[in-house]
Amino acid sequence: MDVYPAIDIRSGRVVRLAQGEPGRETEYNSDPVALAEQFVWQGARWLHIVDLDRAFGDGDNSHLIRRIITRVGSHVQIQLSGGFRSLAALRTVLPLEVTRLVVGTVAITQPDLVNRMIEEAGPHRIAVGLDARNGYVAIRGWAQATDQRADDVARRVIAAGVRTLIYTDVARDGMLSGPDVAGALALQALGAGVIASGGVSSLADLRAIMRSGLAGAIVGRAIYEGRFTVAEALMEVGQRVSGPSIARDE
């Protein structure tokens with residue numbers, strides 16, 4: 001399985017939101033680019049980057065994301081999320097060194113648009129984020145509830161060609177309460193690889209995700225609060241850790 005250290009950017013800062021609520025924000029770093037370099041130096045093979053301002057429809061952090069890609073994009077695979085709700089938004093990042101783009105809201109509000117995104121980018125570059133409360137999908141940066149069940153949406157997007165789902169139990173996100181492995185496995189049984197997000201608090205949680213057969217885990221607060229390092233997480237899931245040949249700023 002793959003480990004995805006998360007870099008959630010809001011107003012130029014690295015933050016984590018408790019249960020996805022904008023008003024429950026903790027700032028962890030003021031320099032997203034330096035943090036991305038740090039994670040890569042620790043051996044990260046993937047970065048999960050979220051533009052929270054775009055997700056909330058409140059501006060964007062495109063300049064910082066481009067700097068991250070310029071700095072480390074040739075050394076690490078990048079999974080980018082936040083506000084991809086049109087073909088125009090998708091096209092702004094397709095030429096960049098981004099391995100996978102995550103769409104969420106449009107999978108609910110404009111399912112035909114997801115099909116067009118898959119046609120344009122290819123199924124390997126489009127993942128669908130399913131952020132759920134009590135089994136029902138939340139959209140627009142988790143701010144709006146819907147009446148659509150996560151498993152129903154998963155079936156639809158898998159039928160359209162999506163190969164990767166990112167499942168977040170919003171109630172667990174940023175709470176260090178343990179991941180919803182059972183919920184993620186139920187979605188993976190539908191035919192796509194599932195990356196679990198939300199609640200990872202320990203190496204034991206990562207071990208449980210790995211043993212379950214899920215495709216990966218996104219980790220944020222546990223790393224920021226020193227419960228384990230990126231290198232320790234990688235070793236826990238059996239990945240060899242080696243730093244890239246990237247020049248460090250002095």
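Each label point was placed 7 Å from the Cα along the Cα-to-Cβ direction; for GLU119 and PHE56 their separation is 3.5 nm.
The Cα center of region 214-235 and the Cα center of region 116-188 differ in position by 21 Å.
What value, in deg cm²/dmol to 500, does the helix sum -39500 (n - 2.57) over DSSP H runs of n ≥ 4 give at 222 nm once divided by the residues of the chain? Helices in the chain give a 222 nm mean residue ellipticity of -9500 deg cm²/dmol.
Relative contact order (percent) for the chain, with alpha-carbon contacts under 8 angstrom and 6 or more residues of separation?
Numbers: 525 pairs, mean separation 50.8, N = 250.
So the answer I get is 20 percent.
Temperature 4 °C, viscosity 1.567 mPa s: under these conditions the Stokes-Einstein estimate for region 19-111, based on its Kirkwood radius over C-alpha pairs, is 92 µm² per second. Listed by Cβ neighbour count within 10 Å, with the fewest neighbours leading, PHE228, PHE56 appear as PHE56, PHE228. Residues HIS63, HIS124, arranged from fewest to most other Cβ atoms within 10 angstrom of their Cβ, appear as HIS63, HIS124.
Could you give the length gained on full extension between ALA171 and VAL241, defined as 0.36 nm per residue of separation minus the Cα-Cα distance, in nm?
Details: separation 70, 0.36 × 70 = 25.20 nm, distance 3.20 nm.
Taking 0.36 nm per residue and subtracting the Cα distance, the gain is 22.0 nm.
Relative contact order of region 1-41: 33 percent, from C-alpha pairs under 8 Å at least 6 residues apart in sequence.
Throughout, read-outs are computed from the coordinates displayed, never taken from laboratory work. Computed from a predicted model, the values in this text were never measured in an experiment. Reconstructed Cβ throughout: ideal geometry from the backbone, glycine too, with neighbour counts over all protein chains shown.
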